[in-house]
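Visitor: Got a structure for you, written out below as structure tokens; questions coming shortly.
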Amino acid sequence: MALVLLVAATAAGEPIVGPDAADRLHALGISRISLLRDGSSTGVVLEGWAFDPAQADAATRAIFPGGSAEVR
């Protein structure tokens, strides 16, 4: 199972995890999303048996469409 942790600064904005983003993530092979947050950043854990971590940029754009430059 592939696992990727995205860490986003506050400037990246709120993560989008609605139906459209869920469809895009599913198409990438992601089957589980976990959100973590503290006062200065947001963490998004993406997991999936069919997920190729090389597709992490596409997953980042699905969740943070406007602020992917602020995501590590």
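The values are calculated or read from the model by the stated rules, or taken from the named source; none is laboratory data. Not measured: the values here are computed from a predicted model. Counting neighbours? That spans all protein chains shown, and the Cβs are built from the backbone with ideal geometry, glycine included. Accessible surface areas use protein heavy atoms only, side chains included; no ligands, DNA or RNA. Shrake-Rupley method; radii C 1.70, N 1.55, O 1.52, S 1.80 Å.
Visitor: Looking at the structure I just gave you, is residue 52 in contact (Cβ under 8 Å) with a residue 40 or more places away in the chain and over 11 Å from the mean Cα position of the chain (by Cα)?
Guide: Details: in contact (Cβ under 8 Å) with a residue 40 or more places away in the chain: yes; over 11 Å from the mean Cα position of the chain (by Cα): yes.
Here the answer is yes, as residue 52 does meet what is asked.
Residues are listed down the side, and each one gets a yes or a no for (1) farther than 19 Å from residue 66 by Cα; (2) of a type in the set (Phe, Trp, Tyr); (3) touching an Asp or Glu at 6+ places or on another chain (Cβ under 7 Å); (4) outside any loop (DSSP other than H, G, I, E, B):
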| residue | (1), (2), (3), (4) |
| --- | --- |
| 5 | no, no, no, yes |
| 11 | no, no, yes, yes |
| 15 | no, no, no, no |
| 25 | no, no, no, yes |
| 35 | no, no, no, yes |
| 42 | no, no, no, yes |
| 47 | yes, no, no, yes |
| 51 | yes, yes, no, no |
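Visitor: Could I ask something else about it? Quick one: which of 5, 25 is under 11 Å from the mean Cα position of the chain (by Cα), open to solvent by 20 Å² or more (accessible area, probe 1.4 Å) and among the hydrophobic types (A, V, I, L, M, F, W, C)? Lay out the reasoning, then the answer.
Guide: On the way: 25 fails: open to solvent by 20 Å² or more (accessible area, probe 1.4 Å).
The unique qualifying residue is 5.
Visitor: Of all residues in the stretch 53-72, which are in a loop (DSSP other than H, G, I, E, B) and either in contact with a helix residue (DSSP H, G or I) (Cβ under 9 Å, 6 or more places away or on another chain) or buried (at least 16 other Cβ atoms within 10 Å of the Cβ) (or both)?
Guide: 64, 65, 66, 67
Visitor: While we're here: Starting from residues that are modelled with pLDDT under 95 and of a type in the set (Val, Ile, Thr), keep the ones in the stretch 45-72 and report whichever is nearest to residue 4 (Cα to Cα).
Guide: Ranking the candidates gives 60 first.
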